[in-house]
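Let me begin by presenting the structure, written as structure tokens, before commenting on it.
The values are calculated or read from the model by the stated rules, or taken from the named source; none is laboratory data. Since the structure is predicted, the reported quantities are computational estimates derived from the model, not experimental observations. So basically every Cβ, Gly included, is an ideal-geometry build from the backbone, and we count neighbours across all protein chains shown.
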Amino acid sequence: MAESENTASAPFQENRGQEISPLSRVDARAKIICAVLWSLMVSWLSDIPGALVALAASTLMIALARWPRRNLINRLLTVNMFFLFMWLMLPFSFSSPGREVTRLGPLVVTREGLDLASLLTLKGNAIVLMVLALLGTSPMYILAAAGRKLKFPEKLVSLFLLTVRYYQVIFKEYQRLRKAMRARGFKLGLSRNCLRGVSNLVGSLLVRSFDRADRVHRAMVCRGYSGIIWVRAEFKYTKTDLVFVFSMMILFAIVGGSDWKP
Amino acid sequence: METLISIRNLTFAYDRREIFKDFSFEFQAGQRTGLVGSNGSGKSTLLQLIMGLLKPSAGEIELFGKLCRSENDFREARLQIGFVFQDANDQLFCPTVGDDLAFGPLNMGKTMAEADAMVDETLELLNLSSFKERVTYGLSDGEKKLVAMGTALAMKPKALILDEPTTCLDEEACDRIAKVLMDCGLPYLVVAHDRDFLDRVVTNAIRLKDGQIVPEPLRAPNARTGNQAA
């Protein structure tokens with residue numbers, strides 16, 4: 001099934017880890033529900049110890065998903081770039097009522113600020129790891145089909161399927177255009193000429209994508225398209241799913257309990 | 001002989017650029033017709049008019065003996081014409097080959113199981129039985145084209161329309177496509193710039209010139225080799 005070409009830098013390739021991980025045998029519907037519930041619960045956590053437990057649980061799951069380490073690190077770096085900005089702002093943002101830890105020139109670093117930044121970083125990573133472990137172990141189109149079974153809006157499902165499919169095509173088009181630009185001596189920089197080149201590249205990608213969307217739609221209409229993109233996927237709950245849901249409930253209980261304040 | 005496609009006194013223009021004026025065309029069952037013409041002569045436009053993807057400003061289009069005016073008329077007729085687009089990437093939009101082939105039959109109201117059987121049958125016909133679960137974007141250009149033809153054939157159409165089926169394909173892929181076409185047992189209308197390919201797969205040819213149809217002689221196989229030598 002994983003006949004993917006050498007599109008190593010494209011994010012939407014067929015998911016890795018499938019079929020080598022025990023998680024890939026779990027019903028995608030159960031995984032979607034658990035991923036959503038997990039994200040909700042973790043985002044409600046209010047203390048660092050609870051968030052640490054959640055992160056530990058997510059790490060356990062990603063280990064179970066057997067996600068390739070290098071790929072995982074790349075993805076986490078991207079996510080944590082976002083948190084880096086929080087670390088640049090939050091520690092200095094509680095100046096008046098906060099407990100002072102240290103000063104950097106005119107800026108006061110507060111305990112509250114540091115705590116909040118750590119809490120957000122822990123929670124964010126816990127959610128990302130769990131979502132990768134759960135959703136990353138099912139092929140994209142199975143996720144789409146599962147979403148349809150879970151009564152997601154049809155437009156959303158179609159959008160998802162078409163995005164997965166055409167991301168590759170547009171990405172390749174982008175690479176082709178970039179190559180053609182390089183062949184004529186283009187080098188990325190900040191000069192006027194260069195920026196014009198980049199804006200033309202983006203513009204022509206948009207126009208081409210728009211045209212392609214039009215052609216794809218026509219081709220679909222020719223085959224009797226009437227609003228539904230069918231995916232051949234069957235869903236059956238098995239014993240594996242029972243074990244999965246039960247384990248997830250235990251994880252939920254542990255993380256929820258560790259954050260419980262009567 | 002049954003008339004499959006009949007166009008009468010059709011007029012069509014893109015904005016102000018007139019492509020067809022008072023244009024008429026007929027396509028009979030049993031015909032295998034090649035359509036040639038220079039770039040911009042309106043070949044693709046004609047095919048899209050036939051499929052009801054473009055609206056003429058005047059004139060009539062009759063498909064399988066039924067006058068088609070509204071989108072609803074065309075919707076029914078389309079299911080009987082297998083249309084193969086120039087760029088296979090436009091046609092293949094599903095995650096796997098099997099899904100793509102099942103798309104048309106499912107739209108025709110077949111059940112999953114029926115559609116699945118039609119998929120298997122079509123793949124067998126194309127000698128691509130092992131391709132069912134392959135991810136579409138991972139295929140080579142030649143394979144994509146064959147699968148695109150499969151998506152049309154899977155619907156068991158009464159005729160095929162192909163827009164440039166051999167662009168950017170190597171000789172081997174062209175041969176496979178020619179073979180599928182000749183073995184399919186259906187009438188077809190095919191646009192192609194590759195004359196060698198065209199002369200091989202059609203029984204007659206027409207040329208679009210200045211918005212009108214003129215007959216185009218086919219080159220006999222031996223004459224063809226003579227031409228190449230010259």
**Report entry** Residues within segment A:104-113 that are part of a helix (DSSP H, G or I) and surrounded by 19 or more Cβ atoms within 10 Å (Cβ to Cβ), tallied
**Finding:** 1
Report summary line: Listed by first then second residue, the pairs whose first member lies in segment B:104-123 and is more than 8 Å from chain A (Cβ to nearest Cβ) and surrounded by fewer than 17 Cβ atoms within 10 Å (Cβ to Cβ), whose partner is polar (S, T, N, Q) and assigned to a helix (DSSP H, G or I), with beta carbons under 9 Å and at least 6 positions apart or on separate chains, are B:120/B:129
Query - Exclusive hit being surrounded by 17 or more Cβ atoms within 10 Å (Cβ to Cβ) and of a type in the set (D, E, K, R), set B:164, B:172 - result: B:164
**Report entry** segment A:213-262, residues that are in a loop (DSSP other than H, G, I, E, B), out of contact with any Phe, Trp or Tyr (no Cβ under 9 Å at 6 or more places or on another chain) and more than 9 Å from chain B (Cβ to nearest Cβ)
**Finding:** A:227, A:235, A:236, A:237, A:238, A:260, A:261, A:262
Report task. Determine the pairs where a residue that is touching a residue at least 12 places away in the same chain (Cβ under 8 Å), located within segment A:155-183, has a partner that is acidic (Asp, Glu) and surrounded by fewer than 13 Cβ atoms within 10 Å (Cβ to Cβ) with Cβ atoms under 6 Å apart, the partner being 6 or more residues away or on another chain. Result -> none
**Report entry** Test set (1) assigned by TED's automatic domain parsing to the domain that holds residue B:201; (2) modelled with pLDDT under 90; (3) over 20 Å from residue B:159 (Cα atoms) - residue B:76 fails condition number
**Finding:** (3)
Query raised in the report: Within segment A:142-156, restricting attention to residues that are within 12 Å of another protein chain (Cβ to nearest Cβ) and in contact with a Lys or Arg (Cβ under 9 Å, 6 or more places away or on another chain), which residue is nearest to residue A:21 (Cα to Cα)?
Result: A:143
**Report entry** Conditions (1) among the charged types (D, E, K, R); (2) under 28 Å from residue B:205 (Cβ atoms); (3) more than 7 Å from every other protein chain (Cβ to nearest Cβ); (4) surrounded by 22 or more Cβ atoms within 10 Å (Cβ to Cβ): number failed by residue B:100
**Finding:** (2)
Query raised in the report: Filtering segment B:63-74 down to residues that are without any contact (Cβ under 8 Å) to a residue 60 or more places away in the chain and touching a helix residue (DSSP H, G or I) at 6+ places or on another chain (Cβ under 8 Å), which residue is farthest from the other protein chains (Cβ to nearest Cβ)?
Result: B:67
